[in-house]
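Here the structure comes first, spelled out in structure tokens, and everything after it is commentary.
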Amino acid sequence: MIPSLSRCSTSRTFQKTFFNPSFRRSTYFNINPRFSIEQINPRIRKLSTTTRSLLNVPSTSASNSKSSSATKITEKDASLPHPSISSEILHPQSSPISNELPAPKSILDNLPKWLSPAKPYLALTRIDKPIGTLLLFWPCTWSITLASTVLQLPLSVPIFYISLFGLGALIMRGAGCTINDMWDAKMDAKVDRTKSRPIAAGDVSQFQALSFLGLQLSAGLAVLTQLNMYSIVLGASSLSLVVLYPFMKRITYYPQVIFGMTFNWGVFLGWSAVAGITNWTVTAPMYLGGIAWGIAYDLIYAHQDKLDDVKAGVKSMALRFPDNSRTVISVLNTTFISMLGLTGYLTGLGPLYYIISCGATASHLLWQTLTVNFDDRQDCWKKFCSNGYVTGGLVWLGIAAEYVQHVLLGLPL
């Protein structure tokens, strides 16, 4: 399964191309800086104040007023974002969000020439960016290892199912990316960070992507059929969330909720794969906690594109809570740790689980929440990735320690 216009280099370019679509690149001309934006195009006079607040263009009339209207986007402008968007979006306090993410060398750049036709399709799966696969994989491992601990299953059981779910996560995350890119092709083409994606760049057509998606889903089904019938039905039911997620960013400021629900479905599936049926009493709290965790880290991710999203009309919680994201993330992470604690209590886990899965994870999330710079794209990406490379692994490590202690060493729960 799974888990923005490029910033214009100058305010004049933005004014000509975004607020007056009739301009063409071939007709760019120099604008006398003494002229105001209203003199250039009277049709956008009503939006001049909002324009200056977005672009930091000085105005003689606005400079003499300390009214907050220059730093707010009003609700009556339907093409503009939620009225809660204020200073953090329009006037960042620290380093501006205009700094772009570096373009590290991808493993796909080292493919042999005979594999070059496959490169666009491999890029479509984001195989060179494993963070999404990890975030999808970890909830499965939590549930598989926890079920193996509670049911006292031999080591071969969690090893087999963790390996199988790892392959499934790789395939289905790629399928989710394909679906997402098919939905967002036009938006991605307008965003500097995503305009090189295969469909947006024209390297893969919509029909080719649809055909490739069929192959991905067939491979995912082949993995799913290795499980019991209960798990097959449960796993197939998650596809509705996979398809729904890319659409939600168009209609609601809370697409991260659907994201969290989608990426943590493996909590139910992992337990049912091992035990034959899901223990809802145990898995429901872990799933709810996972949803909170997913919303939190995807909210950090969304801050990378908040300025582009304003212009593209894409909605996210980063735009809904521009000045309160740190508080929202704190509440979500607290919920996550609380649900982990409840899960441990319901399954009778011991101190190792609470020290590692709860305590160490809470410490890492606290650091993440306190230090993330929402106006720095590189820092947002770094903190987002730490959830896959650190947070998910810490939760699993505590459960695995309990498995070793109570199953392999034979100590009672």
message: Checking residue 196 against (1) buried (at least 19 other Cβ atoms within 10 Å of the Cβ); (2) farther than 23 Å from residue 167 by Cα: exactly one of these is not met. Which one?
response: (1)
message: Any residue that is more than 24 Å from residue 140 (Cα to Cα) and not small (Gly, Ala, Ser) - is there at least one of those in segment 337-353?
response: no
message: I want to confirm something. Restricting to segment 238-279 and keeping residues that are polar (S, T, N, Q) and at pLDDT 90 or above, which single residue is nearest to residue 145 (Cα to Cα)?
response: 272
- line: Those residues of segment 296-314 that are in contact with a helix residue (DSSP H, G or I) (Cβ under 7 Å, 6 or more places away or on another chain) and not in a helix (DSSP H, G or I) come to a total of 1
- prompt: Under the condition of being of a type in the set (A, V, I, L, M) and out of contact with any Leu (no Cβ under 7 Å at 6 or more places or on another chain), which residue from segment 243-273 is farthest from residue 163 (Cα to Cα)?
  reply: 251
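Results for (1) in contact with an Asp or Glu (Cβ under 9 Å, 6 or more places away or on another chain); (2) at pLDDT 85 or above, shown as yes or no for each residue.
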site	(1), (2)
94	yes, no
108	yes, no
118	no, yes
124	yes, yes
138	no, yes
143	no, yes
153	no, yes
166	no, yes
- request: With the condition kept exactly as written, say whether any residue in segment 198-209 is touching a helix residue (DSSP H, G or I) at 6+ places or on another chain (Cβ under 7 Å) and closer than 20 Å to residue 140 by Cβ.
  value: no
statement: All-but-one check, residue 348 against (1) closer than 25 Å to residue 152 by Cα; (2) crowded, with 17+ Cβ neighbours inside 10 Å; (3) in contact with a Leu (Cβ under 6 Å, 6 or more places away or on another chain), failing number (2)
query: Does segment 142-156 hold any residues that are touching a Ser or Thr at 6+ places or on another chain (Cβ under 9 Å) and crowded, with 24+ Cβ neighbours inside 10 Å, and which are they?
result: 142, 143, 146, 147, 149
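The values are calculated or read from the model by the stated rules, or taken from the named source; none is laboratory data. The structure displayed is predicted, hence computed values, not measured ones. Note that we place each Cβ from the backbone using ideal geometry, even for glycine, and neighbour counts take in every protein chain shown.
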